[in-house]
Amino acid sequence: KYPSRVKIVDVAPRDGLQNEKAPVPAEVKIGLVHRLQDAGLKEIEVTSFVSPKWVPQMADAAEVMAGIERRPGARYSVLTPNMKGFEAALACRPDEIVVFGAASEAFSHRNINCSIAESIERFAPVVSAAREHGIHVRGAISVAVGCPYEGEVSPANVELVARLMKGIGVQHVGVADTIGVGTPLKVQRALEAALKHYDLDDVSGHFHDTYGQALGNTLAALQMGVWQYDTSCAGLGGCPYAKGATGNVATEDVVYMLHGMGIATGIDLDKLVDAGKYISDFLRRPPNSRAATALLNK
Ligand code: HMG
Ligand code: MG
């Protein structure tokens, strides 16, 4: 049985723009957030408080957070890998923070420069501080089906990271196919692993579309009752430490599919296409979304 309603977190301002070669000014990022809000998005992953040496594209995190006009009922999340990031984020009043770990040791080292066990030690004080401030904590489990350095990843690794995250008080986990190598049954196994430690209401899917599987993987997750997804307007996205990975599944494509299935999202697809066109025009390329392309050519 499919859920009757799905919650979408648009991650384009963060996952989408962290990987662009040309600098994107803060005002364009803010413009994108505002257009996503106009389209009815209630959850937006705005930016990351990470080292600017590692990800220079997110160096304007505080400026972007300060510049967005907050809408009632909307929630804004930011990535915080350590206490330094959390302290900087706190001043910007995020509704939710994201700690991001990995289901492979190699990816953990490449992305956040520490082992899985060390990452959990670093996250623990971040999670407690966030919860003391009443800020919701989400955990991302990267490379949950495949790793660019280690190849196939076992569901047991996902289960381990989910258990460790649960142990330090992370309230929700996102199962991430960082490099888009997953196929529906493998993605279901990874989600089942996370569901051993988290309730269905506290698990989401985050699928990159490198191999064109992300919509199929979303459908497979929906069949399990998973009702929360990270998606990216115009199909932007990628991770600087996952070479060759392309964008997240396009929000436009997911919304088109869900509405066609009679599943509510609260999102206005035409306005969402406008948001995708705005950022794609800035980046001087067409939106990486089949539904957006079809609607723009209609
Ligand atoms: P490190 O070099 O081990 O950190 O990096 P450190 O604690 O040794 O500090 C080194 C320097 O960085 C110091 O500066 C710190 O002050 C500074 P220096 O003294 O040399 O001038 N620093 C910071 N500056 C600003 N904000 C901070 C911060 N922390 C330290 N928060 C670190 C460790 C985690 C910081 C680094 O590896 C990093 O920033 N990694 C982020 C990588 C990243 O953002 N990846 C993309 C996001 S994750 C993703 O895309 C996956 C996801 O979409 C799900 C999926 O698809 O899989 C979520
Ligand atoms: Mg991602």
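The values are calculated or read from the model by the stated rules, or taken from the named source; none is laboratory data. Computed from a prediction, not measured in an experiment: that's the story for all the values here. Neighbour counts are summed over all protein chains in view; Cβ atoms, including those assigned to glycine, are modelled from backbone coordinates with ideal geometry.
Only a single criterion out of (1) free of Cβ contacts under 8 Å to residues at least 40 places away in the same chain; (2) within 12 Å of ligand 1 (Cβ to nearest atom); (3) buried (at least 21 other Cβ atoms within 10 Å of the Cβ) is not satisfied by residue 103, namely (1). Of the residues making up region 136-152, those that are touching a helix residue (DSSP H, G or I) at 6+ places or on another chain (Cβ under 8 Å) and away from ligand 2 (no atom under 15 Å from the Cβ) number 4.
In the set (1) surrounded by fewer than 18 Cβ atoms within 10 Å (Cβ to Cβ); (2) more than 18 Å from the chain's Cα centre (by Cα); (3) not small (Gly, Ala, Ser), the condition left unmet by residue 159 is number (1). Report yes if some residue within region 270-281 is out of contact with any Asp or Glu (no Cβ under 9 Å at 6 or more places or on another chain), crowded, with 23+ Cβ neighbours inside 10 Å and in contact (Cβ under 8 Å) with a residue 60 or more places away in the chain; otherwise report no. Yes, region 270-281 contains a residue that is out of contact with any Asp or Glu (no Cβ under 9 Å at 6 or more places or on another chain), crowded, with 23+ Cβ neighbours inside 10 Å and in contact (Cβ under 8 Å) with a residue 60 or more places away in the chain. Screening residue 202 against (1) under 15 Å from the mean Cα position of the chain (by Cα); (2) crowded, with 24+ Cβ neighbours inside 10 Å; (3) more than 22 Å from residue 13 (Cα to Cα) leaves a single unmet condition, (2). Report, by residue number, each residue of region 64-99 that is of a type in the set (Phe, Trp, Tyr) and either crowded, with 24+ Cβ neighbours inside 10 Å or assigned to a helix (DSSP H, G or I) (or both). Matches in region 64-99: 86 only.
Residues that are closer than 16 Å to residue 91 by Cβ and surrounded by fewer than 17 Cβ atoms within 10 Å (Cβ to Cβ) within region 46-58 are absent altogether.
Yes/no per residue for (1) assigned to a helix (DSSP H, G or I); (2) among the polar types (S, T, N, Q); (3) out of contact with any helix residue (DSSP H, G or I) (no Cβ under 6 Å at 6 or more places or on another chain):
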site: 220; (1), (2), (3): yes, no, no
site: 245; (1), (2), (3): no, no, yes
site: 256; (1), (2), (3): yes, no, no
site: 270; (1), (2), (3): yes, no, yes
site: 281; (1), (2), (3): yes, no, yes
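Residue-wise test of (1) on the phi < 0 side of the Ramachandran plot; (2) more than 15 Å from ligand 1 (Cβ to nearest atom); (3) in contact (Cβ under 8 Å) with a residue 40 or more places away in the chain; (4) touching a helix residue (DSSP H, G or I) at 6+ places or on another chain (Cβ under 9 Å).
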| position | (1), (2), (3), (4) |
| --- | --- |
| 42 | yes, yes, yes, no |
| 48 | yes, no, no, yes |
| 53 | yes, no, no, no |
| 64 | yes, no, yes, yes |
| 77 | yes, no, yes, yes |
| 81 | yes, no, yes, yes |
| 84 | yes, no, no, no |
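Scanning region 220-242 for residues that are under 19 Å from residue 183 (Cα atoms), more than 11 Å from ligand 2 (Cβ to nearest atom) and not aliphatic (A, V, I, L, M) yields 223, 225, 227, 228, 229, 235. Cβ-Cβ contacts under 7 Å between residues 6 or more apart (or on different chains), taken from a first residue in region 172-184 that is within 10 Å of residue 245 (Cα to Cα) to a second residue that is assigned to a strand (DSSP E or B) and more than 9 Å from ligand 1 (Cβ to nearest atom), are listed as 179/146; 181/146.
For the structure I just gave you, tell me whether residue 115 is more than 24 Å from residue 231 (Cα to Cα), at pLDDT 95 or above and buried (at least 24 other Cβ atoms within 10 Å of the Cβ). Considered against the rule, which asks whether it is more than 24 Å from residue 231 (Cα to Cα), at pLDDT 95 or above and buried (at least 24 other Cβ atoms within 10 Å of the Cβ), residue 115 comes out as no.
Matching residues to (1) touching a Ser or Thr at 6+ places or on another chain (Cβ under 9 Å); (2) farther than 22 Å from residue 46 by Cα:
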| residue | (1), (2) |
| --- | --- |
| 98 | yes, no |
| 102 | yes, no |
| 106 | no, yes |
| 111 | yes, no |
| 118 | yes, yes |
| 126 | yes, no |
| 131 | no, no |
| 134 | no, no |
| 141 | no, no |
